[in-house]
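Q: Please find one structure pasted underneath; my questions will follow.
The values are calculated or read from the model by the stated rules, or taken from the named source; none is laboratory data. Worth saying up front: this structure is predicted, and the values here are computed from it rather than measured. Counting neighbours? That spans all protein chains shown, and the Cβs are built from the backbone with ideal geometry, glycine included. Accessible surface is based on the protein model in full, side chains and every heavy atom, while ligands, DNA and RNA are left aside. Shrake-Rupley method; radii C 1.70, N 1.55, O 1.52, S 1.80 Å.
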Amino acid sequence: MGFTVSNQQQLLSKMATGNGHGENSPYFDGWKAYDSDPFHPTKNPHGVIQMGLAENQLCFDLIEEWVLKNPEASICTAAGVNQFKDIAIFQDYHGLPEFRNAVANFMGKTRGNQVTFDPDRIVMSGGATGAHEMITFCLADPGDAFLVPVPYYPGFDRDLGWRTGVQLIPVACESSNSFKVTRAALEAAYEKAQKDNIRVKGLLITNPSNPLGTVLDRETLRSLVTFINEKKIHLVCDEIYAATVFSQPSFISIAEIIEEDIECDRNLVHIVYSLSKDMGFPGFRVGIVYSYNDAVVNCARKMSSFGLVSTQTQHLIASMLSDNEFVDRFIAQSAQKLKARHMLFTMELDQVGTSCLKSNGGLFVWMDLHKLLKEQTFEAEMALWRTIIHEVKLNVSPGSSFHCPEPGWFRVCFANMDDKTMEIALKRIRDFVQQDKEAVVPRKNKRFCQNNLRLSFKSRRMDDIMMSPCMMSPQSPLVRAMT
């Protein structure tokens, strides 16, 4: 007699059968839609284009050129095979010294050489996902909480909370001030947690922001340091997009702030980093915890046994990142290409009356489609998102999956595809908006239908969207998308 799914789940742990992974989020649903019908220029030209993956594929020509010129960097080549045994045998969980030195040097370069990093404080992990979970295990117990400004990366619910039992408490941020985190909002979230008898152990920030693509200014960073110092809670800074900033204002690391004349207990400050975004190496699973707390470094290093970076990868990365001429060239050209792609994408959106939050970093834009909503609700946002997925065939991520408090925002990634695919994606957006505009004038009752999904717009509303001159002040967070 076979087991039903229900019976099988009874044999598993509560953690295994629970919803802590967040797989049912629209963020991951979009990926499933792409996986079931992936775009290919010749094999499936009408498939879903992946614009929900924050990945930097714009500089792989430089990477491939370096690999060809440095075959000894890989132990699986004739030029590097003489090092195969030394790299393949057991290595302790501290990591190869040359790897930690190279990563520390690279971290300094991606922060404009304004600060230096101690290789002995670098703890490796299996990507930023593993790094976040590892630092959470070190700092908090089940039931404790971290404050997190919204909107924030959907994977944080999984990374920080699924296996640790730690809660995430949203800190309210609004579009009226470009979603900037304020001291007042931090105090309100902290006080509410206190009233609910929840112990707050830390504050998690992403800088540059995912999904906003913005950077935190010096004043805000100093305010955050003062806040956590007064509350005696930890500050975890996710800086995995440090080298994606392509224009002013420049990126300022928390490492730079604590070097200034500011009262700060450095034992409370920790940085999460990886090579997934800045170098475009998510498959290598290189995650880093950099802590100013000796006890955290020691604990995290022990915990890293559960998610080490392979020594083969360490060896290759150490060779590549030790090439200062290559690193400098890569960082500069990556910024140039991201700037050009961002400008192309936002200018095209602007031409069809679609604006984005002003940004200068990350691998995405925070696109405002609230005027396309039939009504200003999250249900309407989901209806629009499903139409974009199934009718327009673009996987973009709805703001609600990022815990955005306002409906109508979408994260759209622009650096994970070649120029031709980007042209096709932009054409689909233009056609979608233009088709809506043309349809509502002669045929007001026309509706898009796919998979029982329907979306309609009033003629006057669509005209307002399409014909709007976007007359906004330069201070408005919804500036015209040209940046």
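Q: Give the angle, between 0 and 90 degrees and rounded to the nearest 10, that separates the Cα long axis of helix 311-321 from the longest principal axis of the Cα atoms of the chain.
A: So the inclination is approximately 80 degrees.
Q: How would you rank 224-236, 174-186, highest first, on the average number of other Cβ atoms within 10 Å across their residues? Kindly include the intermediate steps, with their values, before the conclusion.
A: On the way: 224-236: 18.9, 174-186: 16.3.
Top to bottom by mean Cβ count within 10 Å: 224-236, 174-186.
Q: Just to verify a number: what accessible area does residue 370 come out at with the full protein assembly present, 1.4 Å probe, Å² rounded to tens?
A: Per-residue accessible area (residue 370): approximately 60 Å².
Q: Going highest first, how would you order 280-288, 80-88 by mean Cβ packing within 10 Å? The partial results should precede the final answer.
A: Working: 280-288: 20.9, 80-88: 13.6.
Peptide ranking by packing, descending: 280-288, 80-88.
Q: Over all distinct Cα pairs, what is the inverse of the mean 1/r for the range 329-378, reported as the Kirkwood hydrodynamic radius in Å? Show your work: numbers first, answer last.
A: Numbers: mean 1/r = 0.0804 Å⁻¹.
After inverting the pairwise mean of 1/r, the radius is 12.4 Å.
Q: Given an 8 Å cut-off on Cα distances and at least 6 residues of separation, report the relative contact order of the chain as a percent. All intermediate terms of the calculation are to be shown ahead of the outcome.
A: Working: 888 pairs, mean separation 101.1, N = 483.
For the chain, the relative contact order is 21 percent.
Q: The range 279-342 to the range 58-95: how many Å between their Cα centroids?
A: 15
Q: Here is a further query. Expressed as an acute angle from 0 to 90° and rounded to the nearest 10, what is the orientation of the C-alpha long axis of helix 378-387 relative to the principal long axis of the chain?
A: The two axes meet at around 90 degrees.
Q: Separate question: Order these peptides, 292-304, 94-106, by their mean beta-carbon neighbour count within 10 angstrom, highest first. List each step's numbers first, then the result.
A: Numbers: 292-304: 17.5, 94-106: 20.2.
Packing order, densest peptide first, comes out as 94-106, 292-304.
Q: Using 24 Å as the Cα-Cα cut-off, could you pick out the over-long pairs in 69/420; 180/427; 109/337; 32/302? Intermediate results must be reported in sequence, preceding the final value.
A: Working: 69/420 28 Å; 180/427 32 Å; 109/337 18 Å; 32/302 35 Å.
Over 24 Å Cα-Cα: 69/420; 180/427; 32/302.
Q: State whether the range 386-439 is rounded, prolate or oblate according to the following rule on the C-alpha gyration tensor (a ≥ b ≥ c being the square roots of its eigenvalues): a/c under 1.5 gives rounded; otherwise a/b larger than b/c gives prolate, and the remaining case gives oblate. Could the numbers behind the result be given before it?
A: Numbers: a/c = 2.39, a/b = 1.20, b/c = 1.99.
It comes out oblate by the Cα gyration axes.
Q: Moving to a separate point now. What does the helix-only formula give at 222 nm for the chain: each DSSP H stretch with n ≥ 4 adding -39500 (n - 2.57), the total divided by the residues, and the result rounded to the nearest 500 deg cm²/dmol?
A: Numbers: 17 runs with 190 residues, N = 483.
Taking each H run of at least 4 residues, the total per residue is -12000 deg cm²/dmol.
Q: Please compute the per residue accessible area over the chain with all protein chains in place, 1.4 Å probe, rounded to a whole number of Å². Write out the running numbers ahead of the final one.
A: Working: 22060 Å² over 483 residues.
Computed with neighbouring chains in place, this is 46 Å² per residue.
Q: For the range 154-282, what is the convex hull volume of its Cα atoms per residue in Å³? Could you put the intermediate results ahead of the total?
A: Values: hull volume 16.0 nm³, N = 129.
It comes to 124 Å³ per residue, whole-number rounded.
Q: Provide the descending list of Cα extents for the range 323-432 along its principal axes, expressed in whole angstroms.
A: Its Cα atoms span 53, 29, 22 Å along the three principal axes.
Q: Follow-up. Which Rg and Dmax, in Å, describe the Cα atoms of the range 58-194?
A: Over the range 58-194's Cα set, Rg and Dmax evaluate to 20.8, 62 Å.
Q: So, with a 1.4 angstrom probe, what is the percent of accessible area on the chain that is carbon and sulfur?
A: On the way: 11390 of 22060 Å².
Percent of accessible area from carbon and sulfur atoms in the chain: 52.
Q: Also, quick follow-up: I'd like the orientation of helix 419-440 relative to the chain: the angle between its Cα long axis and the longest Cα principal axis, in ° from 0 to 90, rounded to 10.
A: 30
Q: Is the shape of the range 236-314 rounded, prolate or oblate, going by the alpha carbon gyration tensor and its root eigenvalues a ≥ b ≥ c, with a/c under 1.5 for rounded and a/b larger than b/c for prolate? Write down the numbers at each step before the final one.
A: Numbers: a/c = 3.60, a/b = 1.13, b/c = 3.17.
Note, shape of the range 236-314 comes out oblate.
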